[in-house]
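Report on one structure; see the data block that follows.
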Amino acid sequence: MHTKSIVVAGYRHTDLGIFSDKDPKLTVIKAAIRKDLLSFFDRGVEWFIFTGNLGFEYWVLEELEVLQQQGYQCQKATIFCFENHGEQWGEASQTKLARFKQTDFVKYAYPRYERPSQFRDYNRFLLDNTDGAYLFYEPENETNLKYLYHQVLKKEDYTVKRLTFEELNQIAENFSEIE
């Protein structure tokens, strides 16, 4: 199966205890992301779909922008769940949110939150309109991503690449060889 579009989702920076863009953990995380993105390009992925969350999604966005500057071609989309996504975030987070709003395609699923089923329907929409997912999530370290993760597991003929803590540990152990 040819994977042309993938949804990107993963832990938020707060889930990982990362509160600074200078956190040394980001060097390892971004090295793993870059490796995975290069693999996606090799497999012909054309679209990367974001939901606008800070943390893993934002780091993928950053790395995609670097790779695009190096000549790699892709399209980026952000499909926010709600129009008011991030409106109460601080200034630094607003700056990052603005980068999601500058992707090639930006849409909002709903004007505002009205009922819990909107999240399930939103996740279903994302999965029904992509060929695969790039996830940084492990069920042992549960967050609200569990809902999307369980929907991904039920989907047939759907490509899934998971970044794991074990993979990050391996990269960290071999990091001097990478640099």
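The values are calculated or read from the model by the stated rules, or taken from the named source; none is laboratory data. Everything numeric here is computed off the predicted structure, so don't read it as measured data. Quick reminder, even Gly has a Cβ in these numbers, built from the backbone with ideal geometry, and neighbours come from all protein chains shown. Quick note on the areas: whole protein, heavy atoms, side chains included, nothing else; ligands and nucleic acids left out. Shrake-Rupley method; radii C 1.70, N 1.55, O 1.52, S 1.80 Å.
Which lysines have a Cα lying under 22 Å from the Cα of Lys154, excluding residues fewer than 8 positions away in the same chain?
By straight Cα distance, Lys154 reaches Lys4, Lys146.
What residue among Ile18, Gly55, Gln118 has its Cα farthest toward the positive end of the dipole of the chain, where the charges are +1 on Lys, Arg and -1 on Asp, Glu, each on the Cβ?
It is Gln118.
Step through the residues of the stretch 68-79 one at a time and calculate ³J(HN,Hα) from phi using the Karplus curve (6.51 cos²θ - 1.76 cosθ + 1.60, θ = phi - 60°), rounding each to whole Hz and writing x for Gly and Pro.
My calculation for the stretch 68-79 gives 5, 5, 8, x, 6, 10, 6, 10, 10, 10, 10, 10 Hz in order.
List the residues, sorted by chain then number, that are 5 or more residues from Cys81 or on another chain and whose placed amide H is less than 5 Å from its amide H.
For Cys81, the qualifying residues are Ala109.
Which order do Phe48, Phe41, Phe19 take when ranked by solvent-accessible area (1.4 Å probe, heavy atoms of all protein chains), largest first?
Sorted by accessible area, descending: Phe19, Phe41, Phe48.
Which semi-axis lengths, in whole Å and largest first, follow from the square roots of five times the eigenvalues of the Cα gyration tensor of the chain?
24, 19, 17
With every protein chain in place, what's the accessible area of Tyr113 (1.4 Å probe, Å², nearest 10)?
120
Considering the options Phe100, Phe165, Leu135, tell which one lies farthest towards the positive end of the dipole of the chain, charges being +1 on Lys and Arg and -1 on Asp and Glu at the Cβ, about the Cα centre.
Phe100
Quote the charge dipole size of the stretch 1-43 about the Cα centre in Debye, to the nearest 20; the model charges only the Cβ of Lys and Arg (+1) and of Asp and Glu (-1).
I would put it at about 100 debye.
Counting other C-beta atoms within 10 Å, and keeping those with at most 15, which DSSP coil GluC sites (Glu not before Pro) do you find in the stretch 6-107?
Answer by residue number: Glu46, Glu83, Glu87.
Magnitude of the Cβ-charge dipole of the stretch 30-79, K/R +1 and D/E -1, about the Cα centre, nearest 20 debye?
80
Give the ranking of Thr14, Thr78 by solvent-accessible surface, highest area first, calculated with a 1.4 Å probe.
Final ranking, largest accessible area leading: Thr14, Thr78.
Can you list residues from other chains, or at least 5 along the same chain, whose modelled amide H is less than 5 Å from the amide H of Leu163?
Under 5 Å from the amide H of Leu163 lie the amide H atoms of Leu135, Phe136, Tyr137, each far enough along the sequence or on another chain.
What is the distance in Å between the Cα centroid of the stretch 101-154 and that of the stretch 34-72?
17
Any aspartates and glutamates with Cα under 18 Å of the Lys96 Cα? List them, leaving off those in the same chain fewer than 8 positions away.
By straight Cα distance, Lys96 reaches Asp15, Asp21, Asp23, Glu57, Glu62, Glu63, Glu65, Glu83, Glu87, Asp104.
Suppose every Lys and Arg Cβ carries +1 and every Asp and Glu Cβ carries -1, with no other charges. What dipole size does the stretch 129-177 come out with about its Cα centre, to the nearest 20 debye?
Value, rounded to 20: 300 debye.
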